[in-house]
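Since the structure comes first, as structure tokens, the remarks are kept for the end.
Laboratory data are not the source of any read-out in this text; all were calculated from the coordinates shown. What you see is a predicted model; the values in this text were computed from it and never measured. Don't worry about glycine lacking a Cβ; one is built from the backbone with ideal geometry, like all the others, and counts go over all protein chains shown.
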Amino acid sequence: MTRRVAVTGIGVVAPGGIGIKDFWELLVDGRTATRQISLFDAAPFRSRIAAECDFDPVAEGLTEAEVYRLDRHIQLGIVAAREAVEDAGLAAGATDGWRTGVVMGTAVGSTTRLEDEYVVVSGAGREWVVDADNPHPYLYHALVPSTLASEVAGDNAAHGPVMTVSNGCTSGLDAVGYGFQLIEDGQADVVIAGAADAPISPITVACFDAIHATSTRNDDPAHASRPFDADRDGFVLGEGAAVLILEELQHARRRGAQVYCELGGFATFGNAYHMTGLTTEGVEMAAAITSALDQAHANPDEVDYVNAHGSSTRQNDRHETAAVKRSLGDHAYRTAMSSIKSMVGHSLGGIGSIELVACVLAMENGVIPPTANYETRDPECDLDYVPREARPARLDLVVSVGSGFGGFQSAVVLDGAGRRAR
Amino acid sequence: MIHRRAVLTGLGVVAPTGGDTAEYWETTLAGRSAIGPITRYDASRHPVRLAGEVRAFDASGTVEQRILAQTDLWTHFALVAAQRALAAANLTTVGGNDFGIGVTTSSSSGGNAFGQREIQALWSKGSTFVGPYQSIAWFYAASTGQLSIAHQLRGPCGVICTEAAGGLDALAHARRVIRRGTRAVLTGGTEAPVSPYAVTCQVPAGTLFTGAEPARAYLPFARDAAGHVPGEGGAMMLLEEAESARDRGVPALAEVTGYAAAFTAPSFDRQDAGGWAPTAPALAAAIRGALADARLSPADIDAVVADAVGVQAADRAEVAALRAALGERATRIPVTAPKAGVGRLYSGGAALDAATAALAIRDGVLPPTPSVTVADLDEDIDLVTGSARRLALENVLVVARGFGGFASALVLSRVPDLASHL
């Protein structure tokens, strides 16, 4: 008998909204949190805009020791996880820690901390053989991307399977997908699953400058992230974290937990084409959507909403539009599809989980968040992208897709109607 | 539930003790160590001066020059090891238009030297001096992405990060993918942590050997254990669904019959070796879980490939876990740690250990632990030292721990003959 997986708690730290309430208000209002970079002096860079979190770690409950020990992405992740755990009513001791796992995604890990400390030990880049005598006492925590998962696990007394997933821009969907699989397979009853990235640092901004992937609408940052709009010119880097509590359905019912929805299916494929490039056909993303819908016992024409990867690059928007048409057929023209990256930017590995939390909230509230800044139609992107204004709708089958680094394409299906029982 | 079975049909090694699988196995059976002075940079003023380097490595015959220039050494190792694994599995023409073969690697530090070079360019010369390949070479998903593209593998692609336990967790994830319908997964892990900033980052972990004598540098389970050295390389393997292997007529080296992972957070005020004691209950739980998964009892386990950190408290915790999970038998089962001759390869280490276990099962011989003698032993275990030991091996337990609290156990079992066995 298949073990079914429920979402019983959510937490988020996103640009413009720390916590579920502020985040959801931002999305429903269609406000954008993209702005001039304030985290460092970005004057020398090609792209000088980003979606930043106004995040005070101590105000959010972290100790000075935690702030000293951990890169910003882990701080964001811990705060999001705490909100999700509380939302799920999982107080300490409420579940068996040995049956609780943690799967956290991140694309670039602690690279901000690694760069900051590199500058110190290298004399701002003077020495190749850097000074190794007095490194930051927690520098090894920054080197290894596993620290995100180990810190969230330690913070929540999890003793089951714990891992970081680093699949580039699909990390946030894949982490939730892997957590879903752990529960399905019986390796855990509860999984704290999510993702975090805080990549707004000189080296990461320079990386994307070098490949001209980011927007240069530096004089108008609020309107820079324009998924599916004909006048888009690249993505806007973001940061943030989100966590979902995944729970075996009977386990959730036994303890009387709230159930937002069920995780119906997850699939991921590689395009084996290019590390950062996409084909125009969208075959692999379409296959992921189809597989995830099959697992969810759902037909393509039941999809009420597609939460798009919508990164605001020309190649993505066309690829993704093709993939949705290929997997949903004519229904693609009837379903709604939007990208919250228009409002909160693209936080690399973090965004997939942030988008899943947005989907859960959309189902819960019966409102589809809009694609902000969508004004001018691109003839090659001819679906309903929910321009600028949120739209009330009953949603009981939602697909969220992600695409990125390495050519990886992922899809997660959320189901509010118990289709897996049929 | 009847699971699809996953068998290893090919492996490829790149290690300090051997540039290819045959040389690695010969050197490893002879108990030779490759630990020596760091030559990749001038480490004479660094606290860590020894490492296990992969010498005389030339990927140019295997990997396109263009790709070599766009990627870091850790990805070169992965590409070369993967090529050998696929050749050994007689799978030289793969890919095509199906999603039947995926990729799962482990990673724990990414493209270290490449990344340092580009950050140095940024800080010493300016943002426009960061090259276009930093974005695809530095981050943790680089090797999986390149492997998918190089061999046209369009199945599920992923990267698991659990520090030094990563190699086992990647294999387990690959098995999970195969159980869900994928025909085969190219899996394993490699690492290139011997570069100036990467070694500097490892210093605060507090477990690196800081002396000058290679013969004293890594003495697991010994009374005068003084840490370990970083090492380079790892292993890639083809894990394949058993019927697929049978239908292709390729022999199976071993089957992944059992696996479990668990976690115990260390105490953060203890960065010294004392932080290792809490790892025992998690490792014991992982071993018990792996045996249960394989439907085996302690009496069925013929040998253990140890985590063998080379720090007294860590090694004692490992022996305590073996005792807790295997009972009295723990003192009689042959235990070996060939990694004492190559150093800690981080995420590549457990992958190499799994490959070593598969080779041991194939040939009915356990390689010794270099540098350690029975007289040195701190604990009452049957550590294989001096020369290799011939014995029939049906089931070999491989254990690994990752910094931060990860613990994993994997059982590899002999497959008599696929044609008659299925």
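Quick look at the numbers
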read-out: Local electrostatic count at A:Gly345 - Lys and Arg +1, Asp and Glu -1, tallied over other residues with Cβ under 10 Å; value: 0
read-out: Aspartates and glutamates with Cα under 13 Å of B:Lys339, excluding same-chain neighbours fewer than 8 positions away; value: B:Glu53, B:Glu232, B:Asp307, B:Asp353
read-out: Counting DSSP beta bridges with both ends in the range B:258-414, the antiparallel % (nearest 5); value: 65 percent
read-out: Footprinting exposure proxy for B:Trp74, B:Trp25, A:Trp128, A:Trp98 (fewest neighbouring C-beta atoms within 10 Å first); value: A:Trp128, A:Trp98, B:Trp25, B:Trp74
read-out: Under 17 Å from B:Lys125, Cα to Cα: aspartates and glutamates that are on another chain or at least 8 residues apart; value: A:Asp41, A:Glu115, A:Asp116, A:Glu127, A:Asp209
read-out: Charge dipole magnitude, Cβ of K and R +1, D and E -1 - chain B, Cα centre, debye nearest 20; value: 540 debye
read-out: Long-range amide H partners of A:Ala88 with built H, under 5 Å; value: A:Ile10
read-out: Charge dipole magnitude, Cβ of K and R +1, D and E -1 - the protein assembly as shown, Cα centre, debye nearest 20; value: 1360 debye
read-out: Translational D in µm²/s for chain A (Stokes-Einstein at 10 °C, 1.306 mPa s, Kirkwood Rh from C-alpha pairs); value: 76 µm²/s
read-out: Spread of Cα-to-Cα distances over 5 Å intervals beginning at zero, given as percent, for the range B:6-248; value: 1, 7, 13, 17, 18, 16, 12, 8, 5, 2, 1, 0
read-out: Debye intensity ratio I(q)/I(0), log10, the range B:258-414, q values 0.10, 0.13, 0.17 Å⁻¹ (C-alpha model); value: -0.30, -0.53, -0.94
read-out: Among B:Ile160, B:Gly206, B:Gly343 the positive-end extreme of the charge dipole of chain B (Cβ point charges); value: B:Ile160
read-out: Debye intensity ratio in log₁₀ form over the Cα atoms of chain B, taken at each q of 0.07, 0.10, 0.11 Å⁻¹; value: -0.29, -0.61, -0.74
read-out: Shielding by other protein chains, A:208-217, mean Cβ within 10 Å; value: 3
read-out: Chain B, helix-only ellipticity at 222 nm - DSSP H runs n ≥ 4, -39,500 (n - 2.57), divided by all residues, nearest 500; value: -9500 deg cm²/dmol
read-out: Model label zone, B:Arg223; criterion: amide N under 14 Å from point 7 Å along Cα-to-beta-carbon; scope the range B:379-411; value: B:379-380
read-out: Contour excess over end-to-end distance, with Cα ends at B:Thr62 and B:Ser124 and 0.36 nm allotted per residue; value: 18.9 nm
read-out: Dipole axis of chain A (+1 Lys, Arg; -1 Asp, Glu on Cβ), positive-most option in A:Gly352, A:Asn271, A:Pro135; value: A:Asn271
read-out: B:Asp417 versus B:Asp20: modelled label distance in nm, points set 7 Å from Cα along the beta carbon direction; value: 3.0 nm
read-out: Cβ-Cβ FRET estimate between A:Asn365 and B:Arg32, R0 fixed at 60 Å, reported to 0.05; value: 0.40
read-out: 222 nm mean residue ellipticity, helices alone, for chain A (DSSP H n ≥ 4; -39,500 (n - 2.57); rounded to 500); value: -9500 deg cm²/dmol
read-out: Net charge, A:Glu115 excluded, C-beta distance under 12 Å - Lys, Arg +1, Asp, Glu -1; value: -2
read-out: Burial ordering of A:Val191, A:Val412, fewest other beta-carbon atoms within 10 Å first; value: A:Val191, A:Val412
read-out: Label point distance in nm, B:Asp378-A:Gln315, each placed 7 Å from Cα along Cα→Cβ; value: 5.2 nm
read-out: B:Arg295 paired with A:Val120, simple spin-label distance in nm, labels 7 Å along Cα-to-beta-carbon; value: 5.5 nm
read-out: Principal axis box of the protein assembly as shown, alpha-carbon based, largest edge first, Å; value: 76, 61, 52
read-out: Cα-centre dipole for the range B:258-414 with unit charges at Cβ (Lys and Arg positive, Asp and Glu negative), debye to 20; value: 320 debye
read-out: Over the range B:1-89: Rg over Rh, Cα atoms, Kirkwood Rh; value: 1.08
read-out: Mean Cα-pair separation over length for the range B:258-414, i.e. relative contact order, pairs under 8 Å, 6 or more apart, %; value: 32 percent
read-out: Sequence-distant aspartates and glutamates (8 or more away, or on other chains) whose Cα lies within less than 20 Å of A:Lys21; value: A:Asp29, A:Glu52, A:Asp54, A:Asp56, A:Glu60, A:Glu83, A:Glu86, A:Asp87, A:Glu239, A:Glu355, A:Glu364, A:Glu389
read-out: Cα-derived Rg over Rh, computed across the range A:181-270 with Rh taken as Kirkwood radius; value: 1.15
read-out: Longest segment of chain A lacking GluC sites (Glu not before Pro) that sit in a DSSP loop with at most 16 other Cβ atoms within 10 Å; value: A:128-280
read-out: Ranking of B:Phe99, A:Phe55 by count of other Cβ atoms within 10 Å, fewest first; value: A:Phe55, B:Phe99
read-out: Listed peptides B:160-171, A:136-147 by packing density, highest first (mean Cβ within 10 Å); value: B:160-171, A:136-147
read-out: Sum of side-chain charges, A:Arg46 neighbourhood, beta-carbon under 15 Å (Lys, Arg +1; Asp, Glu -1); value: -2
read-out: Inter-chain shielding of B:125-138 (mean C-beta neighbours from other protein chains, 10 Å cut-off); value: 6
